[in-house]
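K.L.:
Let me give you the structure first, and then I'll get to my questions.
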Amino acid sequence: MRLWIPILLMLSACSSPTSRSETRPPVPSRREVVIGEGGRHEVSPLPKDLFDVADELKRAFLICPGDQIQIRLVQHDDFSVSTVVPPDGTVGFPMVGRVKVAGRAPSEIETDLVKALRGVEFADPQVIVSVVKYAPRTIYILGEVESPGGYPLRPGGAISVQMLLAMSGGLTEEAERGRLELVRRQKDKTVIYPFSLTQLDAAVKEGRDVLLLPGDVVIVKRRRKVYVMGCVRNPGGYVVEEGAALTRILAKAGGLTRMASPVVRLIRRLEDGRVRILSVDVRAIFDGRETDPEIRPGDTVFAPESLF
């Protein structure tokens, strides 16, 4: 019996496989913190009233103060009047007196003058009202374009936002394609329409143009930078292209220093006013265990000092 004991022990040892423990680095959990209370933040996504301006364009070229007009009574040159419309919007005409012309079409003024003159001395008067020269109707483009300033809007020659961008020489290298604004005065208020070139292009594909009215102002914003702070070789602000990744902006900043922690913080202000903080392990990105997060203009990347 004693002879079997060593044999059983040997068989037992052979039948139990040796367990090899593999040491794998733990997969870090990407930690996200959102700070602040969210509020309502509405952005106008190219609303319908931005396109429905045909009637307003017609009204923009009704006679207004500053226009030079001519009123002529056919076959009676001594009754002709050529004048610049004064601020009160009225002009004088022989045998009629002061006539309101501002905010009216030439045909409306002709009808009123014919009624006033008929039966006085003329059996069938014929009146012709014409605009000799319009006062400036101007649209403006400001900001990051090659030739900012005012551009004339002429009757019958509608100008869209895309046309104005081309007339002004196009965007500069510093222009933010996703941050443009159209400022429009509407009666007793000013309306600001934020938009992007992507939205404009989509509207054009649908057969819709954003036409401009006199006094409209298009503002092209400067591209916001991404700021890299902390333990990097060249901290500061950097302009990044749309869709750039975190590791790309770190490379622009010269990379992490030896004192840096491999876990950096990506800080972003959300549209509703809250602040989002995302902790990202750079080692996990290079190991393929984490995705490389996308950077947006206005973000801040902070590389803290390592505790060890």
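K.L.:
Could you go through the range 269-276 and let me know if any residue there is more than 14 Å from residue 227 (Cβ to Cβ), in contact (Cβ under 8 Å) with a residue 60 or more places away in the chain and either basic (Lys, Arg) or outside the structural domain of residue 299 (by TED's automatic domain parsing) (or both).
P.N.:
yes
K.L.:
Okay, moving on. Listed residues 52, 78; which is assigned by TED's automatic domain parsing to the domain that holds residue 204 and either part of a loop (DSSP other than H, G, I, E, B) or at pLDDT 50 or above (or both)?
P.N.:
Working: 78 fails: assigned by TED's automatic domain parsing to the domain that holds residue 204.
Only one candidate qualifies: 52.
K.L.:
Would you mind finding the one in 86, 125 that is assigned by TED's automatic domain parsing to the domain that holds residue 70, modelled with pLDDT of 95 or more and more than 30 Å from residue 177 (Cβ to Cβ)?
P.N.:
Numbers: 125 fails: modelled with pLDDT of 95 or more.
None of the others qualify; the one that does is 86.
K.L.:
From (1) touching a strand residue (DSSP E or B) at 6+ places or on another chain (Cβ under 8 Å); (2) within 30 Å of residue 180 (Cα to Cα); (3) not in a loop (DSSP other than H, G, I, E, B), pick out the condition that doesn't hold for residue 136.
P.N.:
Failed condition: (3).
K.L.:
For residues that are in a loop (DSSP other than H, G, I, E, B), without any contact (Cβ under 8 Å) to a residue 60 or more places away in the chain and either of a type in the set (A, V, I, L, M, F, W, C) or touching a helix residue (DSSP H, G or I) at 6+ places or on another chain (Cβ under 8 Å) (or both), tally how many sit in the range 239-256.
P.N.:
Taking the range 239-256 as the starting set, the residues that turn out to be in a loop (DSSP other than H, G, I, E, B) are 239-244, 253-255.
Going one step further and asking which of them are without any contact (Cβ under 8 Å) to a residue 60 or more places away in the chain, we end up with 240-241, 243-244, 253-255.
Cutting the leftovers down to either of a type in the set (A, V, I, L, M, F, W, C) or touching a helix residue (DSSP H, G or I) at 6+ places or on another chain (Cβ under 8 Å) (or both) gives us 240, 244, 253.
Residues in the range 239-256 being in a loop (DSSP other than H, G, I, E, B), without any contact (Cβ under 8 Å) to a residue 60 or more places away in the chain and either of a type in the set (A, V, I, L, M, F, W, C) or touching a helix residue (DSSP H, G or I) at 6+ places or on another chain (Cβ under 8 Å) (or both): 3 in total.
K.L.:
Scan the range 196-239 residue by residue and report those that are at pLDDT below 90 and aromatic (Phe, Trp, Tyr).
P.N.:
Within the range 196-239, no residue meets the criteria.
K.L.:
Test residue 165 against the criterion of being of a type outside the set (Phe, Trp, Tyr) and within 11 Å of the chain's Cα centre (by Cα), and give yes or no. Before the answer, list the steps.
P.N.:
Details: of a type outside the set (Phe, Trp, Tyr): yes; within 11 Å of the chain's Cα centre (by Cα): no.
Taking the combined requirement at face value, the residue does not satisfy it.
K.L.:
In the range 263-284, which residues are crowded, with 16+ Cβ neighbours inside 10 Å and outside any strand (DSSP E or B)? Reasoning before the result, please.
P.N.:
From the range 263-284, those crowded, with 16+ Cβ neighbours inside 10 Å are 263-268, 278-282, 284; that's our starting set.
Within the range 263-284, 282, 284 meet the criteria.
K.L.:
Okay, next question. Can you pull out every residue in the range 183-238 that is touching a Lys or Arg at 6+ places or on another chain (Cβ under 6 Å) and either of a type outside the set (A, V, I, L, M) or not in a strand (DSSP E or B) (or both)?
P.N.:
Once the filter is applied, which keeps residues that are touching a Lys or Arg at 6+ places or on another chain (Cβ under 6 Å) and either of a type outside the set (A, V, I, L, M) or not in a strand (DSSP E or B) (or both), the range 183-238 yields 197, 214, 215, 216, 221, 237, 238.
K.L.:
Counting only residues that are closer than 22 Å to residue 173 by Cα and β-branched (Val, Ile, Thr), which one in the range 232-262 is surrounded by the most Cβ atoms within 10 Å (Cβ to Cβ)?
P.N.:
For the range 232-262, the residue satisfying everything is 249.
K.L.:
Let me ask you something else. Looking at residue 287 and the list (1) within 30 Å of residue 186 (Cβ to Cβ); (2) in contact (Cβ under 8 Å) with a residue 12 or more places away in the chain; (3) surrounded by fewer than 18 Cβ atoms within 10 Å (Cβ to Cβ); (4) out of contact with any strand residue (DSSP E or B) (no Cβ under 8 Å at 6 or more places or on another chain), which single condition is not satisfied?
P.N.:
For residue 287, the exception is condition (1).
The values are calculated or read from the model by the stated rules, or taken from the named source; none is laboratory data. It should be emphasised that the depicted structure is a prediction, and the values quoted were computed from it without experimental measurement. Using ideal geometry, Cβ is built from the backbone for each residue, glycine included, and neighbour counts are taken over all protein chains shown.
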